[in-house]
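Working notes for the structure below.
The values are calculated or read from the model by the stated rules, or taken from the named source; none is laboratory data. Because the structure is a prediction, the values reported are computed rather than measured. Methodologically, a virtual Cβ is constructed for each residue, glycine included, from the backbone with ideal geometry; neighbour enumeration extends over all protein chains shown.
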Amino acid sequence: MEYQTPKSKCQLCKSEFTGRGLTKHLKLCLTKHLDRKGKTRTNELFYIVVSDTYDSAYFLHLLLQGNTTLEYLDNFLRDIWLECCGHLSAFMYERFGNEINMKRKIKDVFEPGSKLSYEYDFGSTTALTIKAIDVYYGSTDKNKKIQIVARNAQPLIPCDNCGQGQAIWICAECQWNESGWLCERCAEDHECGDEMLLPVVNSPRTGVCGYTGQYMRTKLR
């Protein structure tokens, strides 16, 4: 079995694309659904892409209302991708730069082409890159502060042991040596024991700390 990155779906038109072609498609698709010139005098919406800094297989394409705060975006990222033990996090204009106050609004931080760095957990860090693609005007679905317009399909990762089955577990100890992806059968006899196994989930934090993808810190509206 080879590592595979399935196509991801545009939530606006349900078409499927590779990660590389998705941004180009969404810029066109959003233009069909929303206004780019502000003639409607409705909500200012920022189209941003959040991706794992070191692994492009994990990404989120989002629409954010301009009045949304970085704190709300932080909660959103924790809920969908990151939260395990209540670690600290920060937004920065560049990696290891000065932190940006989370009370600041999206419209005051982003403009098309700008980038932020984001880190969750300053020990076993998950690093994300956030890029503003464009600004639109209109309403999000159900007037949500953040709307997902596309998300990566979960990568299909082969078992490191047999090379045949799909990994559904990862060993939290072996992953530090860039191994430990295990199918169900091979996980049964893994030398590190059951207590070191974490489920493979669609998140860049898979296998890190105690992340299982099941923690919901707050109900986002």
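Residue pairs whose Cβ atoms lie under 7 Å apart, sitting 6 or more positions apart in sequence or on different chains, and linking a residue in the range 1-24 that is touching a residue at least 60 places away in the same chain (Cβ under 8 Å) to a partner that is acidic (Asp, Glu), are 7/16; 8/16; 9/16. At least 2 residues being among the aromatic types (Phe, Trp, Tyr), touching a residue at least 40 places away in the same chain (Cβ under 8 Å) and touching a strand residue (DSSP E or B) at 6+ places or on another chain (Cβ under 6 Å) is the threshold, and among the strands (runs of 3 or more DSSP E) wholly inside the range 105-169 those reaching it are 115-120, 126-137. Would it be correct to say that residue 90 is modelled with pLDDT of 95 or more, crowded, with 16+ Cβ neighbours inside 10 Å and touching an Asp or Glu at 6+ places or on another chain (Cβ under 6 Å)? When the stated conditions are applied, residue 90 passes them.
Among residues of the range 180-194 that are under 10 Å from residue 169 (Cα atoms) and touching a residue at least 24 places away in the same chain (Cβ under 8 Å), those with a beta-carbon under 8 Å from a residue that is among the β-branched types (Val, Ile, Thr) and not in a loop (DSSP other than H, G, I, E, B) at least six positions away or on a different chain give the pairs 180/170; 181/170.
Only one of the numbered conditions (1) free of Cβ contacts under 8 Å to residues at least 60 places away in the same chain; (2) crowded, with 17+ Cβ neighbours inside 10 Å is not met by residue 28, and that is (2).
Residues being touching a residue at least 60 places away in the same chain (Cβ under 8 Å) and either within 14 Å of the chain's Cα centre (by Cα) or not in a loop (DSSP other than H, G, I, E, B) (or both) are represented in the range 83-97 by at least one member.
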